[in-house]
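Notes for the one structure printed next.
The values are calculated or read from the model by the stated rules, or taken from the named source; none is laboratory data. For clarity, every value in this text was computed on a predicted model and none was experimentally measured. Note that we place each Cβ from the backbone using ideal geometry, even for glycine, and neighbour counts take in every protein chain shown.
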Amino acid sequence: MTQMAPSQNNLSELESDAIEIMREVVSEAKNPVMLYSVGKTSAVMLHLAKKAFFPSSPPFPLMHVDTTWEFQEIYKLRDKAAQDAGMELIIHQNSEAMEIGINPFEHGVLHTEIWKAEELKQAPDNYGFDATFDGARRNDVTSRVSDRILSFRSAQHRLASRAQRPELWSLYNARIAAGESIRVFPLANWTELDIWQYIYIERIDVVPLYFAALRPTVERDGMLLMVDDERFPLEQGEIPVMRSIRFRTLGCYPLTGALESEAATLIEVIQEMFLTTTSERQGRAIGN
Amino acid sequence: MKNQMYKAGSQANEDIDVYLDRNQNKSVLRFITCGSVGDGKSTLVGRLLYESKMLFQDQLTQLEEDSKKLGTRGQDIDFALLVDGLSAQRDQGITIDVTYHFFATQKRRFIVADTPGHEQYTRNMITGASTAQLAVIVIDACKGVLEQSRRHIYLCHLLGIRNIVLAVNKMDLIGYDQSVFEAIVSDYTEFATIVGISEHIAIPISGFRGDNIVACSDSMAWYTGLPLLAHLEALELEHRSGMPQDFCMPVQWINSPHSGFRGFSGRIASGTIEPGDEVRILPSARTSKVDRIVTFDGDLNKASAGQSITLTLNEEVDCSRGQIITAAAPPLEVADQFEITLIWMDEKALLPGRSYYLKIGTQMVSASLAEPKYQVNVNTLGHTATKTLELNEIGVTTLTTERPIPFAPFAKNRTLGGFILIDKMTNATVGAGLIKFALRRAQNIHWQPTDVTRDHRAQLKKQKAIVLWMTGLSGSGKSTIANAVELKLTQINRHTFLLDGDNVRHGLNKDLGFTEADRIENIRRVGEVAKLMTDAGLIVITAFISPFKSEREMVRNMMEDGEFIEVFIDAPLSAVEKRDVKGLYAKARAGQLANFTGIDSPYEAPENPEIRIDTTQTTIDEAAQIIFEAILKFGN
């Protein structure tokens, strides 16, 4: 298919930025990997990776940090997406957490901490990754407003705040010593609207949980939780109620709150988004 | 405050397709705000975020609550909390940095780089300015144009920002007085003209009251220009890389999924390209024609500046990462020596002569800097003499690259004229530079080929030319061992030359002292002499302390592969200090000898030397024998 080059606009510029960042890091790092949570931002990041290296497959594996408490729909889309992209899929489960038998119902915050924090330490050590693509956005959570595109970690996996480098123009310095690693944020300058709009324009597959449907739910502490599988321990007298819900963000299902919504299509979700009066992270019990 | 308008969003009833279409086609303006605490910069940025209706209800409620509790505005909303509230969380133990804010209006999308104003944060300001198309210089109307404002104006202009808006803030506090505003503007215009800024835009505002932010202020009817936001929306944008010009794309990545496809991936720095266009690969200067412009969404029949693409060429040509694909004519200049403006960004001062990595476009080369010609006083624009540049200092100097590179002056093209310098040992980004012009065109100095080659010369001597580079502390036995090795080699008819540290300082290097910069130059010259001698076919033995890894690496890189043999004469400091043959350690300890290696100047031990001699376990004769046998193994 031959087509005219689109004029540079909002999304095409963000797209070109992200592609440039990915190609630079792949060229300078020895063993990169892409974190893939199967959520909407991950879906966009994976799509951009396909574009960046076409007709080659992206020259790095995907890594899903699987807490084993993901929504069932996540697992369904995950394997298909990796296969479609022609990429190796590494499923990382935290052996330590598995042994302790940690779970979100009993351990709440600790569950998230152990999984999400330890993942960053175990994964580079176990697989020798020196650069990790991460879909975090600067305007997603307020603490990220000053994150650089390339964030440097010491060999002890600490954010080496003194070792952070000035980023001029689009000249990324990805040189590191043995044992050190880099977090790379190719979507740093994207907003939530950009993500949704890009999914719409590029027709990217996302987990159906983002769209409203009748789902079994219980209400706890003002949050709507979805009863996703039989592991969900119902409290005495608690009976799941079918409600039309969707999710703005997807974490472990026992910790992720749903919104009551009728927006069953992408376009309806976008429309509802801009009528929404709460910011994105409010739906999650624990920010991560 | 009229909150209801934010609750529903003005897009509520709009057709979603129209909304998406317009949103997608919005242009992006990246700008930087400069000013300091007290100028009302945070209030202004907070006001822009608020006015753009990008806040959700929960954030708004939070803002109103915080304003009552923490604000400095009584019952009014304190917009600064939107910005500083974020900062407070951000700054937990982390250096003040560039922070980015995002907002959009009906017409345009904005990315704001908010940078701290004080001189010690020049590095951060430069970083924010490097990707900005416009700068808003915030001036407190009560204070006027301060030294600090002058610095901001100079730096923004230096970094190539052509659109500068002077926002004279807090007009409400001076009774919206036109004459005060005009005095400030006249002050600014005078300075801006010296800097080289031709277009002067100044807007009287009040971030707190909202005057001239979104709508024209009734309090300042005398102001006839656009309000700030309207100006930001209306500004005509050029591409971030600079002025329109010929096609040029640094090659980022070679795309070769199988033997039948070889593509060159990169982001177009300038110009446009179509299939069939003739292109030139630099620095090799080979030409070819574009076959296809390949993208995931299908082949394109045209691509232009800013797009990330993959090109295939008609003819098989040698092209790798770091090279540049450019329009065949007129070609880019290629050079290896430049006059540059340099901004130093590291706590460790610039070391003239030290070899750094230079990254420009997608290529990385070794490069070194001369002593600065002068340092720019960023407050007065005056020039002062200096031998180095410290953190945040700016100067003009000469840059020499290890091989010729294609470039464009920074004023013409940001991508091909802006570079960073990287410390080879720490990997830190230590400097940012702007190429002014080439001092020596590479094509003017040809390498004179000779009929008798270095291989001939070595063959005549029936040997392989090598450099045996001994490094170690003073008194470790380098000279004695070197002498013994040379003796052994001459006994089997090898042609050798011994370059000794002390001896060279009597002649070739007698102008050099022992400062870090002089030590670097000392080793550079010895490296060049050693190289000439290997060209002559000799086995060169050197005995220099050569304490820094960078310089030993520099000499290694001068030589052909396998020609540089690093010999680490490893003696513990305690042992050499105890022997102290020349009495130098005693002097250094007594403070009579400055910059003495091991005492008040570091010795960076080799990590992977070709040969290591442990002097605590080996006699001189044994050491000489080990090295001698190794030389035979290296092809002699």
Based on this model, can you work out whether B:S355 counts as closer than 15 Å to B:W253 by Cα and in contact with a helix residue (DSSP H, G or I) (Cβ under 7 Å, 6 or more places away or on another chain)? no
Might you check whether a residue that is of a type in the set (S, T, Y), within 27 Å of A:I21 (Cβ to Cβ) and within 24 Å of the chain's Cα centre (by Cα) occurs anywhere in the range B:272-287? no
The condition from (1) out of contact with any strand residue (DSSP E or B) (no Cβ under 9 Å at 6 or more places or on another chain); (2) modelled with pLDDT of 90 or more; (3) assigned to a loop (DSSP other than H, G, I, E, B) that B:Y603 misses is numbered (1)
Just need a number here: residues in the range B:306-327 that are within 14 Å of chain A (Cβ to nearest Cβ), of a type outside the set (A, V, I, L, M), surrounded by 19 or more Cβ atoms within 10 Å (Cβ to Cβ) and in a strand (DSSP E or B). 2
Selection from the range A:23-49 of residues touching a Lys or Arg at 6+ places or on another chain (Cβ under 9 Å) and within 14 Å of chain B (Cβ to nearest Cβ) yields A:R23, A:S27, A:E28
Residue list for the range B:302-352, restricted to those being of a type outside the set (A, V, I, L, M, F, W, C), over 19 Å from B:E274 (Cα atoms) and at pLDDT 90 or above: B:S320, B:R321, B:G322, B:Q323, B:D336, B:Q337, B:E339, B:T341, B:D346, B:E347, B:K348, B:P352
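With the range A:172-241 as the region, which strands (runs of 3 or more DSSP E) entirely inside it contain at least 2 residues that are under 26 Å from A:F152 (Cα atoms), within 13 Å of another protein chain (Cβ to nearest Cβ) and modelled with pLDDT under 90? Show your work before the answer.
Working: elements: A:181-184, A:213-220, A:223-226.
In the range A:172-241, there are no strands (runs of 3 or more DSSP E) which contain 2 or more residues that are under 26 Å from A:F152 (Cα atoms), within 13 Å of another protein chain (Cβ to nearest Cβ) and modelled with pLDDT under 90.
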Can you give me the number of residues within the range B:313-337 that are over 29 Å from B:L369 (Cβ atoms) and among the basic types (K, R)? 0
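Considering only residues that are part of a strand (DSSP E or B) and among the β-branched types (V, I, T), look in the range B:423-433 and name the one that is nearest to A:L171 (Cα to Cα).
Step one: filter the range B:423-433 for residues part of a strand (DSSP E or B), giving B:429-433.
Pick out the ones that are also among the β-branched types (V, I, T) and you get B:429-430.
Working: B:T429: 10, B:V430: 13 Å.
Only one residue fits best here, namely B:T429.
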Could you check, for the range B:266-277, whether at least one of its residues is facing chain A (nearest Cβ under 7 Å) and either surrounded by 20 or more Cβ atoms within 10 Å (Cβ to Cβ) or under 25 Å from A:V25 (Cβ atoms) (or both)? yes
Residue identified as farther than 28 Å from B:R123 by Cβ and away from chain A (no Cβ under 14 Å) among B:P331, B:P352: B:P331
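Could you tell me how many of the residues in the range B:154-204 are of a type in the set (D, E, K, R) and either in contact with a His (Cβ under 7 Å, 6 or more places away or on another chain) or at positive phi (or both)? Before you say what the answer is, go through the steps one by one.
So in the range B:154-204, the residues of a type in the set (D, E, K, R) come out as B:162, B:170, B:172, B:177, B:182, B:187, B:190, B:199.
Subsequent filtering for residues that are either in contact with a His (Cβ under 7 Å, 6 or more places away or on another chain) or at positive phi (or both) retains B:170.
Final tally of qualifying residues: 1.
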Tell me whether the range A:31-41 contains one or more residues that are surrounded by fewer than 19 Cβ atoms within 10 Å (Cβ to Cβ) and either on the phi < 0 side of the Ramachandran plot or modelled with pLDDT of 95 or more (or both). yes
Does A:S154 satisfy the criteria of being crowded, with 22+ Cβ neighbours inside 10 Å and more than 9 Å from chain B (Cβ to nearest Cβ)? no
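Could you say whether any residue in the range A:77-89 is part of a strand (DSSP E or B), under 14 Å from the mean Cα position of the chain (by Cα), more than 13 Å from every other protein chain (Cβ to nearest Cβ) and within 22 Å of A:R248 (Cα to Cα)?
Filtering the range A:77-89 down to residues part of a strand (DSSP E or B) leaves A:89.
Filter again for under 14 Å from the mean Cα position of the chain (by Cα), leaving none.
No.
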Being of a type in the set (A, V, I, L, M, F, W, C), modelled with pLDDT of 95 or more and out of contact with any Leu (no Cβ under 9 Å at 6 or more places or on another chain) is the filter here, so list the residues in the range B:176-199 that pass it. B:V180, B:F181, B:A183
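Residues of the range B:541-596 being among the small types (G, A, S) and either over 36 Å from the mean Cα position of the chain (by Cα) or modelled with pLDDT of 90 or more (or both), which ones?
Of all residues in the range B:541-596, those among the small types (G, A, S) come to B:543, B:546, B:550, B:562, B:571, B:574-575, B:583, B:586, B:588, B:590-591, B:594.
Scanning the range B:541-596 gives B:A543, B:S546, B:A571, B:S574, B:A575, B:G583, B:A586, B:A588, B:A590, B:G591.
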Inside the range B:389-422, the number of residues satisfying the requirement of being within 14 Å of chain A (Cβ to nearest Cβ), of a type in the set (G, A, S) and not in a helix (DSSP H, G or I) is 2
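Based on this model, can you work out whether A:Q72 counts as at pLDDT below 95 and farther than 24 Å from A:G251 by Cβ? Reasoning before the result, please.
Values: at pLDDT below 95: yes; farther than 24 Å from A:G251 by Cβ: no.
No: the conditions fail for A:Q72.
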Among the numbered criteria (1) within 14 Å of chain B (Cβ to nearest Cβ); (2) not in a loop (DSSP other than H, G, I, E, B), which one does A:S56 miss? (2)
List the pairs whose first member sits in the range B:511-534 and is assigned by TED's automatic domain parsing to the domain that holds B:K348, whose second member is at pLDDT 90 or above and assigned to a helix (DSSP H, G or I), and whose Cβ atoms are under 8 Å apart, counting only residues at least 6 apart or on separate chains? none
Residue by residue through the range A:129-170, note down the ones that are closer than 17 Å to B:A113 by Cβ, out of contact with any Asp or Glu (no Cβ under 9 Å at 6 or more places or on another chain), at pLDDT 90 or above and not in a loop (DSSP other than H, G, I, E, B). A:L168
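So that you can scan it fast, the table gives a plain yes or no per residue for (1) within 30 Å of A:R148 (Cβ to Cβ); (2) within 11 Å of chain A (Cβ to nearest Cβ); (3) crowded, with 19+ Cβ neighbours inside 10 Å:
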position: B:V112; (1), (2), (3): yes, yes, yes
position: B:T115; (1), (2), (3): yes, yes, yes
position: B:R123; (1), (2), (3): yes, yes, yes
position: B:H152; (1), (2), (3): yes, no, yes
position: B:I164; (1), (2), (3): yes, no, yes
position: B:N169; (1), (2), (3): yes, no, yes
position: B:E182; (1), (2), (3): no, no, no
Complete set of residues in the range B:484-504 that are free of Cβ contacts under 8 Å to residues at least 60 places away in the same chain and surrounded by 17 or more Cβ atoms within 10 Å (Cβ to Cβ): B:E486, B:H495, B:T496, B:L498, B:L499, B:D500, B:G501, B:V504
The correct count of residues that are surrounded by 15 or more Cβ atoms within 10 Å (Cβ to Cβ), more than 19 Å from B:G475 (Cβ to Cβ) and polar (S, T, N, Q) in the range B:604-636 is 2
Long-range neighbours under 7 Å by Cβ, at least six apart or interchain, first residue in the same structural domain as A:M226 (by TED's automatic domain parsing) and surrounded by 21 or more Cβ atoms within 10 Å (Cβ to Cβ) within the range A:192-212, second of a type in the set (S, T, N, Q) and part of a loop (DSSP other than H, G, I, E, B): A:A212/A:S261
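Just wondering, is there one or more residues in the range B:611-630 that are among the basic types (K, R), in contact (Cβ under 8 Å) with a residue 60 or more places away in the chain and in the same structural domain as B:L468 (by TED's automatic domain parsing)?
Residues of the range B:611-630 that are among the basic types (K, R), as a first pass: B:612.
Checking which are in contact (Cβ under 8 Å) with a residue 60 or more places away in the chain leaves us with none.
No: the range B:611-630 contains no residue that is among the basic types (K, R), in contact (Cβ under 8 Å) with a residue 60 or more places away in the chain and in the same structural domain as B:L468 (by TED's automatic domain parsing).
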